[in-house]
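Okay, so here's the structure we're looking at.
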Amino acid sequence: MIRRDVPLKDYSNYKIGGPAAYFLEVSTREELLQGLKEWQGISSSFPKDKKNIFVLGKGTNILISDKGFNGLIIHNNIPGIERRGEDLVIGSGVLVSQILSYCIENQLSGFEWAGGLPGTVGGAVRGNAGAFSGETKDNVKEVTSLNLDTLEEKKRAKLECLFDYRFSFFKSEQGKNEIILSVVLSLKNGDKETIRNSIQEKIDYRNAKHPMEYPNIGSTFKNVKVEAVPENWKKELTQYIKNDPFPVIPSAKLLFLANVKGKRIGNAQISEKHPNFIVNLGNAASNDVKALIAFAKAAVLEKFGIELEEEIMYLGSA
Ligand SMILES: Cc1cc2nc3c(=O)[nH]c(=O)nc-3n(C[C@H](O)[C@H](O)[C@H](O)COP(=O)(O)OP(=O)(O)OC[C@H]3O[C@@H](n4cnc5c(N)ncnc54)[C@H](O)[C@@H]3O)c2cc1C
């Protein structure tokens, strides 16, 4: 089941990334277990740093190094949406857009905030993805995951998932070795047209504001909690506060005011349309993006004394 030297740029929304030394595509729990058994055989004589495993969803939030990944990539395609009353039991490889279509067809409300959110529900749970004052945690009832070392499966209720701003247990040191298998989302009955319109509004907003014409991986930096703004800038920046879903200063505004919009390194560019997006103009190198990230951080630190923190993830070194 495991393939060798698979180009990861084909699995990245950024179209950036070198080869995975080992690559496993899974659509069921059984395939996953079978693949992990094969991996144990392959990697038994490997040094520790080559035994690494990384779970990939739709690659909409990851900057993959041009040097690739020297370990096993598990590409998760676990499907399935099953209705249980007002709850949905969903395979972790299901796209958020597929869930939204299901919600429209089945008149289920509460997940509309995710309109236009790319990627899988597994990825959304892990990073507690959020937009338009909603967060994945608002809908999660339960998450089932598998520990990739012990192969132990565990169900966690929402509280045990330790959700926080763009964070969950599955992003923690303790939880990062677990692959999310399925998610139960809690919804409520609603009106089909109202649900459809609310989702479409968000998609239209994103299409208008985000540089969708270029490959990208969404917002580069997390928004900045108001408490993190130095006293001398608080008064001026207060006018830009938005709820995310708590009060934040949008990083896009800080980047705009720091005048980094449009900066280009190689074939990567800080978007003219939305400065929190770094776009791939065509065959950009991972190091071009990294250099722009460093440039943007330095500019915001110098102007406001604020340290931006990446929302995107890195895979592979350099
Ligand atoms: C145009 C655009 C707009 C975006 N807008 C938003 C936004 O509004 N709000 C927001 O929060 N994000 C946004 N994002 C980022 C991204 O869409 C989300 O973070 C998304 O939830 C990632 O899902 P994915 O399947 O692509 O995950 P990937 O990018 O493949 O992976 C992200 C992380 O999740 C882990 N992961 C993925 N699947 C699993 C699993 N089954 N089990 C365990 N770990 C897993 C990966 O190991 C990785 O660490 C945007 C991205 C783009 C390109």
Looking at (1) in contact (Cβ under 8 Å) with a residue 24 or more places away in the chain; (2) farther than 30 Å from residue 10 by Cα; (3) in contact with a Pro (Cβ under 6 Å, 6 or more places away or on another chain), which is the only condition residue 256 fails? (1)
With the structure loaded, tell me whether residue 134 is surrounded by 21 or more Cβ atoms within 10 Å (Cβ to Cβ), within 12 Å of the ligand (Cβ to nearest atom) and in the same structural domain as residue 168 (by TED's automatic domain parsing) or whether it fails that test. no
Checklist (1) within 14 Å of the ligand (Cβ to nearest atom); (2) free of Cβ contacts under 8 Å to residues at least 24 places away in the same chain applied to residue 182, failing item: (2)
Restricting to the range 22-51, what's the tally of residues that are farther than 24 Å from residue 182 by Cβ and surrounded by fewer than 22 Cβ atoms within 10 Å (Cβ to Cβ)? 11
What about residue 157, is it under 16 Å from the mean Cα position of the chain (by Cα) and either buried (at least 16 other Cβ atoms within 10 Å of the Cβ) or more than 28 Å from residue 220 (Cβ to Cβ) (or both)? no
Across the range 289-318, the tally of residues that are without any contact (Cβ under 8 Å) to a residue 60 or more places away in the chain and among the small types (Gly, Ala, Ser) stands at 4
Tally of residues being in a loop (DSSP other than H, G, I, E, B) and either surrounded by 16 or more Cβ atoms within 10 Å (Cβ to Cβ) or touching a Cys at 6+ places or on another chain (Cβ under 8 Å) (or both) across the range 295-318: 5
Determine if the range 241-252 includes at least one residue that is surrounded by 18 or more Cβ atoms within 10 Å (Cβ to Cβ) and more than 14 Å from the ligand (Cβ to nearest atom). yes
Would you check if there is a residue in the range 33-55 being within 11 Å of the ligand (Cβ to nearest atom), in a loop (DSSP other than H, G, I, E, B) and either in the same structural domain as residue 311 (by TED's automatic domain parsing) or within 19 Å of the chain's Cα centre (by Cα) (or both)? no
Outside the structural domain of residue 280 (by TED's automatic domain parsing), surrounded by fewer than 23 Cβ atoms within 10 Å (Cβ to Cβ), touching a helix residue (DSSP H, G or I) at 6+ places or on another chain (Cβ under 8 Å) and of a type in the set (Gly, Ala, Ser) - does that describe any residue in the range 95-114? yes
Would a scan of the range 185-198 turn up a residue that is surrounded by fewer than 18 Cβ atoms within 10 Å (Cβ to Cβ) and free of Cβ contacts under 8 Å to residues at least 12 places away in the same chain? yes
Single match in 259, 267, 232, 280 (criterion: of a type in the set (S, T, N, Q) and over 30 Å from residue 65 (Cβ atoms)): 232
For the range 63-127, give me every one of the strands (runs of 3 or more DSSP E) that falls completely inside it and has 2 or more residues that are within 16 Å of the ligand (Cβ to nearest atom). 69-76, 87-91
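The values are calculated or read from the model by the stated rules, or taken from the named source; none is laboratory data. Worth saying up front: this structure is predicted, and the values here are computed from it rather than measured. With ideal geometry, Cβ positions are generated from the backbone for all residues, glycine too; neighbour counts draw on all protein chains shown.
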